[in-house]
1. Using modelled amide H (1.01 Å from N, peptide plane; none on Pro or chain starts), what sits under 5 Å from the amide H of Y54, excluding residues fewer than 5 places away?
2. Tell me the Rg and the Dmax, in Å, that the Cα atoms of the stretch 60-126 produce.
3. Using only Cα atoms, figure out Rg for the stretch 26-75 and give it as a multiple of 2.2 N^0.38 Å.
4. What is the sum of charges, Lys and Arg at +1 and Asp and Glu at -1, for the other residues whose Cβ falls under 10 Å from the Cβ of I148?
5. Each residue of the stretch 67-76 in turn: what ³J(HN,Hα) in whole Hz from Karplus with 6.51, -1.76, 1.60 and θ = phi - 60°, glycine and Pro shown as x?
6. Hey, what do the phi angles of the stretch 137-148 turn into as Karplus ³J(HN,Hα) couplings, whole Hz, using 6.51/-1.76/1.60 and θ = phi - 60°, x for Gly and Pro?
7. For K143, go through the lysines and keep the ones whose alpha-carbon is under 29 Å away, minus same-chain ones fewer than eight residues off.
8. Enter the per residue convex hull volume of the stretch 101-145, computed from alpha-carbon coordinates, in Å³ rounded to the nearest integer.
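What follows is calculated from the coordinates using simple rules that are stated; it is not laboratory data. Since the model is a prediction, treat every value here as computed from it, not as a measurement. We place every Cβ from the backbone using ideal geometry, glycine too, and count neighbours over all the protein chains shown.
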Amino acid sequence: MRYTLPTLAVLACALSACKAQPIPQADVDAIKAADAAYGAALTSGNVDAVVALYTSDAVVLPSGQPMATGTDAIKAMLNGMMSTMKFNLRLTPGTVSGRGDMAYVVGAFHFSATMKDTTQAAPPPEDGKYVEVFMRQPDGSWKLAVDIWNPNTMPAMAAAPAARPARRH
């Protein structure tokens, strides 16, 4: 079954308000393991291993970048992001909940990077938060269907243009 982004958003909201029995601990553990595998694969630079953790029609909403839909677009996005940097990502899942074949994670991350070209300065380390929606696969595994993250800090504001000197006539 294919879910659209608005459908997944409504389902995630419904899940968060749901008072039903939470998913079994074994599923929570499997989802946390998938989260850990994601961080390890990204840190090792293994784009294929990261992409394998997504459903074929997954949607990734990266901070400050266009949305990527489907594993081909996600792979291209990751290759672009990782072409100049080596990542170090630590994920800390907080809430893991769900119902049936859908679950979500709300967590925090710490990200740092080193530049492959050592003559360039690395971006500053970043702390932020993320939400992931997982779907149970026919084989019982859990894969990412929706992934969004953003930093805890506001983007730098553009400097105000310098005042123009008054014209003299």
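1. Long-range HN contacts for Y54: L144.
2. 14.9, 50
3. Here the Cα radius of gyration is 1.19 times the empirical estimate.
4. -1
5. With coefficients 6.51, -1.76 and 1.60, one gets 5, 10, 10, x, 5, 5, 5, 5, 4, 4 Hz.
6. Working through the residues one at a time gives 8, x, 7, x, 6, 10, 10, 6, 10, 9, 9, 9 Hz.
7. K19, K32, K75, K86, K129
8. 93 Å³
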